[in-house]
Amino acid sequence: AVSGRGGRLAVMCKSATMSSQNRTVAYMALNYFTSVGIVWVNKVVSNIGFHWTISLTCLHFLFTYLGLEVMASRGMFVRKKLPIGQVVYISLAFCGFVGFNNLSLQYNPVGVYQLMKVLTTPVITLLQFVLYRTTVPRWELISLLPICVGVAIATVSHLEINSVGLFWGMLGVLSTSLYQIWVKEEQKRLACTPQQLLYYQAPLSTVMLLGIAGATDNLFTGGPMSFDWTPLAYLVVFGSASLAFLVNLSIFLVIGKTDPLAYNVLGHAKLCMILMSGPVLFGEPVTVKVALGTALALVGIFWYTYLRLPPRAKSA
């Protein structure tokens, strides 16, 4: 009887582990496809002349909050009261991520801007160790090298560094890294689900971004309000906002189930997909440099993924 109960317990534990792994894969797939999709949609948004990035991001988080309200009203998660002060700095880090990266793109050549984005991976690794004493196994660290080098080769072209651009770029890297780290750490510290944390962060970020958009996009004196809102414009802008709800939700779900570094590697995988799909969907030119860089990055991504697999999955 004892051995029978032990066997049933082992089966139940194995089933729970498989279920957790399946959810993680589903969350990553959701983030992967919605993130690639929103990049495609946002290219159309830009092509029709809607260039107010901060206003668009503000709309994204408004839709995220509304989507979470619908989920909560349908019983898909339970709202939990969280101290606003504990969520404010996550929202500030996100607004810094949006604002500083836009300033980085404004004051830096595209090559420097892309290089700064690549630096997010090692900065996350460093900050996790400094702030939380979180270490990464040696071979996982080594597998990050071909990812970062490959992405740099594929995306970085002309490097012309200036002090102002470097300043905004480094602030962008820092705020992006802190945002991803805090999304994980605050879920643990506040004992809340990804949905419960995002339910607070989304409206806070919306209000903060409204203030920024008022200054940068002339939100209240023209800007998007004076845009020619054709049926196509409504379709793609609000389609972008709807996709953003799924992207933001899946970011919190993926980081909650894995960690910021794994999410960062997933981001590089999405970039590789975008680079490979560009020539097909938008007629972008194919170069040897981009092809080799993407291939090297994919080798690192597959290697890192293999190292993160549970032992049983490796031996299967």
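In segment 200-305, Rg over Rh equals 1.07, where Rg is the alpha-carbon radius of gyration and Rh the Kirkwood radius from pairwise Cα distances.
Comparing Cys272, Cys192, Cys58 in a Gaussian network model of the chain (Cα springs below 10 Å), the most mobile by mean-square fluctuation is Cys192. Charge dipole of the chain (Cα centre as origin; +1 on each Lys and Arg Cβ, -1 on each Asp and Glu Cβ, all else neutral): 1520 debye, rounded to the nearest 20. Once you reduce segment 161-198 and segment 82-151 to the center of their Cα atoms, the two points are 7 Å from each other. In percent, how large is the relative contact order of segment 81-192, given Cα pairs closer than 8 Å and 6 or more residues apart? The normalised contact order for segment 81-192 reaches 50 percent. Mean residue ellipticity at 222 nm, helices only, the chain: -28500 deg cm²/dmol; runs of at least 4 DSSP H residues each add -39,500 (n - 2.57), and the sum is divided by the number of residues. Within the chain, helices built from complete DSSP H runs that reach 24 Å or longer along their own axis (Cα positions) and carry a mean Kyte-Doolittle hydropathy of 0.5 or higher are 53-73, 84-107, 138-155, 194-216, 231-257, 260-282, 288-308. Working from Cα pairs under 8 Å separated by at least six residues, relative contact order for the chain is 35 percent. For the chain, the solvent-accessible area with a 1.4 angstrom probe is 51 square angstrom per residue. Here's the list of aspartates and glutamates a cross-link from Lys184 could span, going by alpha-carbon distance under 16 Å and ignoring same-chain residues fewer than 8 apart: Asp259. Of the residues Ile90, Ile48, Ile274, the one that moves most in a GNM of the chain with alpha-carbon contacts below 10 Å is Ile48. For the chain, carbon and sulfur atoms together expose 70% of the accessible surface, with a 1.4 angstrom probe and every protein chain in place.
Taking every alpha-carbon pair in the chain and binning the separations at 10 Å intervals from zero gives 6, 22, 35, 25, 9, 2, 1, 0 percent. Modelled label positions at Phe129 and Trp229, each set 7 Å beyond Cα in the direction of Cβ, lie 5.1 nm from each other.
Once the C-beta distance of Leu307 and Leu66 is scaled by a Förster radius of 30 Å, the resulting FRET efficiency is 0.15 to the nearest 0.05. Under a Gaussian network description of the chain, with springs only between Cα atoms under 10 Å, the residue in Pro146, Pro194, Pro83 that fluctuates furthest is Pro83. Using a simple spin-label model with pseudo-atoms 7 Å out from Cα toward Cβ, Val164 and Ala29 lie 4.8 nm apart. The residue among Gln201, Cys95, Asn42 whose Cα reaches farthest toward the positive pole of the charge dipole of the chain, with charges on the beta-carbon of Lys, Arg, Asp and Glu, is Gln201.
When the C-alpha to C-alpha distance is required to be over 20 Å, the pairs from Lys43/Lys270; Lys117/Lys188; Lys117/Lys257 that qualify are Lys117/Lys188; Lys117/Lys257.
The values are calculated or read from the model by the stated rules, or taken from the named source; none is laboratory data. Nothing here was measured: the structure is a model prediction, and the numbers come from that model. Neighbour counts run over all protein chains shown; Cβ positions are idealised from the backbone, glycine included. Ligands, DNA and RNA are stripped out before the accessible areas are found, and what is left, the full protein with its side chains, is counted by its heavy atoms. Shrake-Rupley method; radii C 1.70, N 1.55, O 1.52, S 1.80 Å.
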